[in-house]
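*Asks:* Have a look at this one.
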Amino acid sequence: MATLTPARRVAYQAFFECRRNNLRIRDYLRESKDFSELSAQDKAFATRLALGATLTKGKLDQALRNHLKSGIHLEPKVQDALRIAVFEVLYLETRRDAAISQGVELVKSISKRSSGLANAVLRKISEKEAQLTRAKNPKTPSELSWASGIPEWICLEIIESLGESAAQKLILNLKNPAPVYVLQRNVSEQQLQSSSLV
C-alpha cells in the first residue's frame with residue numbers, strides 16, 4: 001500500500017482552500033505552515049501541482065466528465081482531489097503507475113469509499129486523454145488545447161492572431177514552467193559574457 005506524499009497533500013489543501021474561498025494559490029502557500037515544512041523539492045512540486053490544476057481546470061473537468069457515468073455527483077473535496085491527480089497524470093512526467101497510485105491515495109485520504117472510483121477513472125484517463133496531451137505535433141485548436149491545458153477558445157484566438165506556426169510554438173511553451181537562472185553576486189564580466197545568458 002502506497003503512502004500519500006506530503007507535497008500532494010499540501011497541493012490538494014491549497015487547491016481546495018483557494019477554490020472554496022476564492023484565494024490565490026501563491027498567497028495561500030506563502031502563509032501555509034504545512035507548506036513551509038516541506039523540503040525545497042516538495043515545495044516546488046506542490047506549487048506545480050496546485051497551480052497546474054488551477055490553470056488547466058477546464059480540461060481536467062472535461063477529462064473527468066468523459067469517464068464518469070452520467071448522473072454521478074462528486075463531493076467537491078473528491079472532485080478537487082481528482083483534479084490534482086488528473087493534472088499529474090496528464091501534464092507531468094510522473095510514471096503512470098505512481099501518478100495513479102498517489103491519486104487514489106489522495107482521494108482515499110478524503111473519502112475511502114471513493115477510492116475504487118478514483119482508481120477506475122484515473123486508469124481510463126491515463127489510457128485515453130494522455131494520448132491527447134502527449135500528441136507529437138498538435139495543430140488544431142482542440143489538439144493544442146489538450147496538449148497545453150489552455151481552453152480551446154483561447155487557442156483559437158491565438159491562432160487567429162499569430163498564425164498557426166507561431167501560435168503552436170507559443171501555446172506549447174506556455175505549459176512549461178518558466179526557467180530559473182541564478183547569478184552569483186561576484187561574477188566577472190568575462191564569465192557573464194561566456195555564459196548563455198547574455
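*Asks:* Hey, fewest Cβ within 10 Å first, where do Trp153, Trp146 land in order? Walk me through the intermediate numbers first.
*Replies:* On the way: Trp153 11, Trp146 25.
Listed from fewest to most nearby Cβ atoms, that is Trp153, Trp146.
*Asks:* Now a separate question. Identify, among Ala120, Ala53, Gln191, the residue whose Cα sits farthest towards the positive end of the charge dipole of the chain, taking +1 on the Cβ of Lys and Arg and -1 on the Cβ of Asp and Glu, with the dipole about the Cα centre.
*Replies:* The Cα lying farthest towards the positive end belongs to Ala120.
*Asks:* Let me ask you something else. Which of Ser70, Ala98, Ala14 sits farthest toward the positive end of the charge dipole of the stretch 1-118, with +1 on the Cβ of Lys and Arg and -1 on the Cβ of Asp and Glu?
*Replies:* Ser70
*Asks:* Sticking with this structure for a sec: Which residue fluctuates most in the GNM of the chain (Cα springs below 10 Å): Lys69, Lys43, Lys175?
*Replies:* Checking each option, the largest mean-square fluctuation is seen for Lys69.
*Asks:* Straight-line reach from Lys69: which lysines fall under 27 Å, measuring Cα to Cα and dropping same-chain residues less than 8 apart?
*Replies:* Lys57, Lys59, Lys77, Lys108, Lys112, Lys124, Lys128
*Asks:* Where Lys and Arg each count +1 and Asp and Glu each count -1, what net charge lies around Trp146 among other residues with Cβ under 15 Å from its Cβ? Mind dumping the intermediate values first?
*Replies:* Details: positive: Lys57, Lys59, Arg65, Lys128, Arg134, Lys136, Lys139, Lys175; negative: Asp61, Glu127, Glu129, Glu143, Glu152.
In short, +3.
*Asks:* Please return the longest stretch of the chain lacking exposed loop sites, where GluC sites (Glu not before Pro) count only if DSSP places them in a loop and at most 11 other Cβ atoms lie within 10 Å.
*Replies:* Numbers: sites that count: Glu37, Glu93.
In the chain, the maximal stretch lacking such sites is 94-198.
*Asks:* With only alpha-carbon atoms counted, please give the Rg and Dmax of the stretch 103-186, in Å.
*Replies:* When restricted to Cα atoms, the stretch 103-186 yields Rg and Dmax of 18.1, 57 Å.
*Asks:* Please give the contour-minus-distance gain from Glu160 to Arg20: 0.36 nm per residue of separation, less the Cα-Cα distance, rounded to one decimal in nm.
*Replies:* Numbers: separation 140, 0.36 × 140 = 50.40 nm, distance 3.50 nm.
Residue separation times 0.36 nm, minus the Cα-Cα distance, leaves 46.9 nm.
*Asks:* Next up: Order of Leu38, Leu170, Leu82 from fewest to most other C-beta atoms within 10 Å? List each step's numbers first, then the result.
*Replies:* Values: Leu38 20, Leu170 16, Leu82 28.
Lowest count first: Leu170, Leu38, Leu82.
*Asks:* Moving on to the next point. Hey, any idea what Rg/Rh is for the chain, computing Rh the Kirkwood way over Cα pairs? Walk me through the numbers on the way to the answer.
*Replies:* Working: Rg = 18.8 Å, Rh = 18.2 Å.
For the chain, the value is 1.03.
*Asks:* Follow-up. What size of dipole, in debye to the nearest 20, comes out for the chain about its Cα centre when the only charges are +1 on Lys and Arg C-beta atoms and -1 on Asp and Glu C-beta atoms? Don't skip to the end; give the middle numbers.
*Replies:* On the way: 30 positive and 21 negative charges, 119 e Å.
I would put it at about 580 debye.
*Asks:* Another question, then. Only helical DSSP H runs with n ≥ 4 go in: add -39500 (n - 2.57) per run for the chain, normalise by residue count and round the 222 nm mean residue ellipticity to 500 deg cm²/dmol.
*Replies:* -21000 deg cm²/dmol
*Asks:* Let me ask something else about it. Once you have the Cα-Cα distance between Ala120 and Gln62, take 0.36 nm times their residue separation minus that, and quote the gain in nm to one decimal. Each step should come with its number before you reach the end.
*Replies:* Working: separation 58, 0.36 × 58 = 20.88 nm, distance 1.61 nm.
Extending this stretch completely gives an extra 19.3 nm.
*Asks:* Using only the alpha-carbon atoms, what does the stretch 135-174 span along each of its principal axes? Please give whole angstrom values in decreasing order.
*Replies:* Rounded to whole Å, the extents work out to 22, 17, 16 Å.
*Asks:* Calculate, in nm to one decimal, what Lys128 and Leu170 gain on full extension: separation in residues at 0.36 nm each, minus their alpha carbon distance. Mind dumping the intermediate values first?
*Replies:* On the way: separation 42, 0.36 × 42 = 15.12 nm, distance 2.50 nm.
The Lys128-Leu170 span can extend by a further 12.6 nm.
*Asks:* Got the relative contact order for the chain handy, in percent, Cα pairs under 8 Å and 6 or more residues apart? Please list the in-between numbers first.
*Replies:* Working: 192 pairs, mean separation 33.6, N = 198.
Relative contact order comes out at 17 percent.
FYI, it's all coordinate maths here, none of it is from the lab. Everything quoted here is computed from the prediction, not taken from an experiment. Ideal geometry is used to build each Cβ from the backbone, glycine not excepted, and the neighbour counts take in all protein chains shown.
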